[in-house]
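Take a look at the structure set out below.
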Amino acid sequence: MANIARVLVPTDFSVDSLRIVLDYLETTPDQKVELVLACGYDIGDSITSLLGITKEDHLMKLENEDFIKGCEMIKSRFKSRIVEMYSDLLISRNGRYLRNYFKGSRVTHIVVPEGYTFSPTERGVFDITEILKKNVAEVGPELITILLREHIAEGIDSMDSIFFRKDWGVSYE
């Protein structure tokens, strides 16, 4: 059995950011992957934020219904290649934190999109691509740059703009 790559893909939890995942999967060989859709998030420094609210609570607030459906469609389309797909938060911009995160999560590849502008809709969300580029030598995983091939009109964040124009036979399995 081939090795399974654990791949971190930056996201802002918009449907449009799923283009990064699609382009990565469409342009790489038939490698089995575990996809980690990660977003930078400042959890704040209040005692309630630090102790009372879990990562899952933050993710429930950030992931909208269309984003979750888009993930399900990607898993359905690439079900022979995607072993697992889940979301995670990077809660610090610190290089030491990143090293520990990647060591603990055993991420083997980092996908960095070129030509994509992250547009977070929630307070506290930050773009992690520059932090990843800056610290890639220290954190260890292989950096994969993806040039997004298909341009979506600015401000459009809909399932139709990405999925239904591709002539896929998808289902919500």
Can you run phi through the Karplus equation (6.51, -1.76, 1.60; θ = phi - 60°) for the range 100-114 and list ³J(HN,Hα) in whole Hz, with x for Gly and Pro?
-> 5, 4, 6, 5, x, 8, 6, 6, 9, 9, 10, 9, 10, x, 9
Solvent accessible area, Å² - residue 80, 1.4 Å probe, full protein context | 90 Å²
If you roll a 1.4 Å probe over the heavy atoms of the protein chains, what accessible area per residue do you get for the range 19-137, in Å²?
-> 53 Å²
Residue by residue through the range 84-89, the couplings from Karplus 6.51 cos²θ - 1.76 cosθ + 1.60 with θ = phi - 60°, in Hz, x for Gly and Pro, are 7, 8, 8, 9, 8, 10
For residue 87, list long-range residues whose amide hydrogen, built 1.01 Å from N in the peptide plane, is under 5 Å from its own amide hydrogen.
-> 37
Segment residue 136-residue 83, length gained on full extension (0.36 nm per residue, minus Cα span) | 16.6 nm
Pairs 55/103; 55/134; 79/134: which are spaced more than 27 Å apart, C-alpha to C-alpha?
-> 79/134
Using a 1.4 angstrom probe and counting only protein chains, how large is the accessible area of residue 27 in Å², to 10?
-> 80 Å²
Whole-number D in µm²/s for the range 20-125 (Stokes-Einstein; Kirkwood sum over Cα pairs; 25 °C, 0.890 mPa s) | 158 µm²/s
Leaving out ligands, DNA and RNA but keeping every protein chain, what accessible area does residue 24 have, in Å² rounded to the nearest 10, with a 1.4 Å probe?
-> 10 Å²
In the range 1-146, carbon and sulfur make up what percent of the accessible area (probe 1.4 Å)?
-> 49 percent
Using 0.36 nm per residue of separation minus the Cα-Cα distance, give me the extension gain between residue 63 and residue 147 in nm, one decimal.
-> 27.8 nm
Pull up all non-local amide H partners of residue 143: gap of 5 or more, or a different chain, and H-to-H distance under 5 Å with H placed in the peptide plane.
-> 110
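The values are calculated or read from the model by the stated rules, or taken from the named source; none is laboratory data. For clarity, every value in this text was computed on a predicted model and none was experimentally measured. In case anyone asks, the SASA skips ligands and DNA or RNA and just uses the protein heavy atoms, side chains included. Shrake-Rupley method; radii C 1.70, N 1.55, O 1.52, S 1.80 Å.
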